[in-house]
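Please read the structure below before turning to the comments.
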Amino acid sequence: MLKIGVLASGRGSNFQAIINAVNTGYLTASVEVLITDNPAAYAITRAEDNGIAGLVMRPEEYSSPDAYYAAVADELGERGVGLVVLAGFMRVVGKPLIDVFPMRIMNIHPALLPSFPGLHAQRQAVSYGVKLSGCTVHFVDEGMDTGPVIIQAAVPVYHDDTEESLSERILKYEHRIFPYAIRLFAEGRLEVKGRVVNIQGRIKDEGVVVSPSIDR
Ligand code: GRF
């Protein structure tokens, strides 16, 4: 069974969605460990509440970013982790971790990549004036939100949206597509060719989620 290691920096609502997916049997996997760079992260409480080991690992306590990511890779490796999930991990992951888990690290980003990478993606979308935004699950490479796209969900952006209202609309879909992407991985259905991810045994538009406008 797939063993998952989660990296999170904050409230951990995506972490919770993954825990729920495991607990309901939607996702056949086990969450082995939560690693956080933030001792105040609410994600730690979620780990405790669900009997998941929680580790605080702060980059400041290591001699370099590379030393930090090598230590994170060691912790994950020791627990037999097969997939690393970035659930609101607010750092660009370093090469020592990527090298140990090539195309085995997934991230969720609250925009339709390659639009609006980096921080405050929802704010960027609102101020740019796009009419559609959404979220993207992708494999992690060395760039900032640049790895191969697995699934995207699109939601409308309304004229009176704020960063908060758009974030809330997008978050509902984050909680749906992240467990779904992990499930596809767990089922061995994701094939990466260059930067294109094919979903094996694809059923019509699997990989594409468009929110109905009645969601408002
Ligand atoms: C989410 O919006 C995610 O897309 C982004 O950071 C946020 C984390 O939220 N990478 P949470 O900690 O999962 O609630």
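If you take the residues of region 191-208 that are open to solvent by less than 30 Å² (accessible area, probe 1.4 Å) and aliphatic (A, V, I, L, M), which of them is modelled with the highest pLDDT?
Across region 191-208, the extreme among qualifying residues is 197.
Residues checked against (1) within 22 Å of residue 139 (Cβ to Cβ); (2) within 16 Å of the ligand (Cβ to nearest atom); (3) charged (D, E, K, R):
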residue	(1), (2), (3)
5	yes, yes, no
41	no, yes, no
52	no, yes, no
65	yes, no, no
78	no, no, yes
83	yes, no, no
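Restricting attention to region 69-81, does a residue exist that is touching a residue at least 40 places away in the same chain (Cβ under 8 Å) and within 24 Å of residue 176 (Cβ to Cβ)? For region 69-81, residues touching a residue at least 40 places away in the same chain (Cβ under 8 Å) and within 24 Å of residue 176 (Cβ to Cβ): present.
Considering only residues of region 135-154 that are open to solvent by 30 Å² or more (accessible area, probe 1.4 Å) and of a type in the set (S, T, N, Q), which is nearest to the ligand (Cβ to nearest atom)? Per the criteria, the residue is 152.
Under the condition of being surrounded by fewer than 18 Cβ atoms within 10 Å (Cβ to Cβ) and within 29 Å of residue 22 (Cβ to Cβ), the residues counted in region 155-170 number 1. Screening residue 117 with (1) under 25 Å from residue 26 (Cα atoms); (2) in a loop (DSSP other than H, G, I, E, B) gives one miss only, at (1). Cβ separations smaller than 8 Å between residues 6+ apart or across chains give the following pairs from region 191-202 residues that are touching a residue at least 60 places away in the same chain (Cβ under 8 Å) to residues that are assigned to a strand (DSSP E or B) and of a type outside the set (S, T, N, Q): 192/139. Being outside any loop (DSSP other than H, G, I, E, B) and at pLDDT 95 or above is a property that residue 111 lacks. For region 175-190, a residue qualifies if it is open to solvent by less than 10 Å² (accessible area, probe 1.4 Å) and within 16 Å of the ligand (Cβ to nearest atom), and the qualifying residues are 177, 178, 179, 181, 182.
For region 115-134, the condition of being within 25 Å of residue 200 (Cα to Cα) and within 11 Å of the ligand (Cβ to nearest atom) holds for at least one residue.
Of the residues contained in region 89-104, one or more are found to be of a type in the set (Lys, Arg), within 16 Å of the ligand (Cβ to nearest atom) and within 19 Å of the chain's Cα centre (by Cα).
The values are calculated or read from the model by the stated rules, or taken from the named source; none is laboratory data. Values in this document were obtained by computation on a predicted structure and should not be read as measured data. All Cβ positions, even for glycine, are placed from backbone atoms using ideal geometry, and neighbour counts span all protein chains on display. Side chains included, ligands, DNA and RNA excluded: accessible areas come from the protein's heavy atoms. Shrake-Rupley method; radii C 1.70, N 1.55, O 1.52, S 1.80 Å.
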